[in-house]
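Here is the structure we will look at, set down as C-alpha cells.
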Amino acid sequence: MESSMMAFVLRLKCRGAGIMDARKLHGLACSLFERNADHSSQVKPFAVWPLRRDSMGRDEMLILRCNWLRDSALPFDPEGLSTVRLGARTCSVVGFECHEESFDSLAEGPTVGEAVLTFLSPVFFAANGRRSVAPDPRLILGGYRRRWNEALPPGSPYWIDEELWRATHQATELHSFDLRTVMRDGGHGHEVSGFVGTARLRVLSDEVKETFSRLVRFASYCGTGARTTYGFGATTVTFPGSWDG
C-alpha cells in the first residue's frame with residue numbers, strides 16, 4: 001500500500017465568526033489533529049489555510065482547507081464530524097471534500113526546472129529569534145525540506161540528506177517575483193508582517209532537478225515559512241511550460 005498524505009476542505013456554517021483570528025484558527029486545527037500528548041510537540045503534522053468566505057457571498061458560510069502530512073490515519077473521522085469550535089463559537093460542518101496523494105507521486109512526478117509559487121497568505125521566516133520577510137530560496141526550500149523529511153514514513157528512500165540539500169539550494173535562484181508586504185493577525189495579540197504574491201524559482205543544475213521538483217510539489221501541502229498551523233504561508237504552485245499542480 002502506498003504511503004500518502006491528505007488535503008481536505010471543510011464547509012462550515014458559523015454566524016458572526018471573524019475569519020482573521022489566527023489563534024482561533026490554530027485552536028480549531030489543534031482540536032482536529034492533536035491529542036493531549038501531541039500539543040507540546042514541536043513537530044506539527046498538519047498545516048491549514050486561512051478561513052475564507054463562501055464564494056456565493058453567504059456570510060455565515062466559511063471554507064477551511066487543512067493538510068494532513070503523515071502516512072497514518074487522521075485522528076478524527078471527517079465524514080462523521082458534525083461540529084467544530086472556532087473560539088467560543090460552534091460551527092456546523094455542512095460539507096467535506098478530500099484529496100489523497102502518495103509520497104511516490106510527489107517524489108517521482110515529472111522533473112521540472114522552474115516553479116512559480118503563489119503565496120495566498122503572508123509568508124515570513126523565523127530563526128534564531130529573528131523574523132525575515134525576504135523571499136530567499138534557501139529559506140523557502142529549507143522549510144519544504146524539513147517538513148518533507150518529517151512527513152516521510154520510516155525508511156523512506158525519498159529522504160533528503162544534508163549533502164543533497166546543500167547542492168539543491170546552492171543551485172536554486174530566485175528568477176523573478178511580484179510580491180508585496182501585508183500585515184495579518186499573528187495569533188498572539190499583535191500583527192505580523194509577511195509577503196504575498198508570486199515568486200519564480202529556477203534550478204540551474206540538472207543533477208538536483210529531481211529533488212527541487214519534489215520539494216516544490218510538496219509546497220501546497222506543507223505551506224511556506226513560519227506558523228503554517230495558524231494559516232500563514234498558504235501556497236499553490238504551477239510549473240511553466242510543463243506541468244501544473
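The values are calculated or read from the model by the stated rules, or taken from the named source; none is laboratory data. Note that the structure is a prediction, hence the values are computed from the model and not measured. Counting neighbours? That spans all protein chains shown, and the Cβs are built from the backbone with ideal geometry, glycine included.
Is there any pair with a first residue in segment 120-141 that is in contact (Cβ under 8 Å) with a residue 12 or more places away in the chain and surrounded by 13 or more Cβ atoms within 10 Å (Cβ to Cβ) and a second that is assigned to a strand (DSSP E or B) and among the basic types (Lys, Arg) whose Cβ atoms are under 6 Å apart and which are 6 or more apart or on different chains, and what are they?
Qualifying pairs under 6 Å: Pro122/Arg184; Phe124/Arg131.
Scan segment 65-93 residue by residue and report those that are farther than 27 Å from Ser156 by Cβ, of a type in the set (A, V, I, L, M) and surrounded by 12 or more Cβ atoms within 10 Å (Cβ to Cβ).
Once the filter is applied, which keeps residues that are farther than 27 Å from Ser156 by Cβ, of a type in the set (A, V, I, L, M) and surrounded by 12 or more Cβ atoms within 10 Å (Cβ to Cβ), segment 65-93 yields Leu81, Val84, Leu86, Val93.
Of all residues in segment 159-193, how many are under 26 Å from Trp148 (Cα atoms), at pLDDT below 95 and of a type in the set (A, V, I, L, M, F, W, C)?
1
For segment 174-199, give me the residue count where each residue is surrounded by fewer than 13 Cβ atoms within 10 Å (Cβ to Cβ) and under 19 Å from Val216 (Cβ atoms).
The number of residues fulfilling the criteria is 2.
Give the number of residues within segment 99-108 that are surrounded by 13 or more Cβ atoms within 10 Å (Cβ to Cβ) and out of contact with any Asp or Glu (no Cβ under 9 Å at 6 or more places or on another chain). Spell out the reasoning first.
First, pick out the residues of segment 99-108 that are surrounded by 13 or more Cβ atoms within 10 Å (Cβ to Cβ): 101-108.
Narrowing further to those that are out of contact with any Asp or Glu (no Cβ under 9 Å at 6 or more places or on another chain): 101, 106.
Selection size over segment 99-108: 2.
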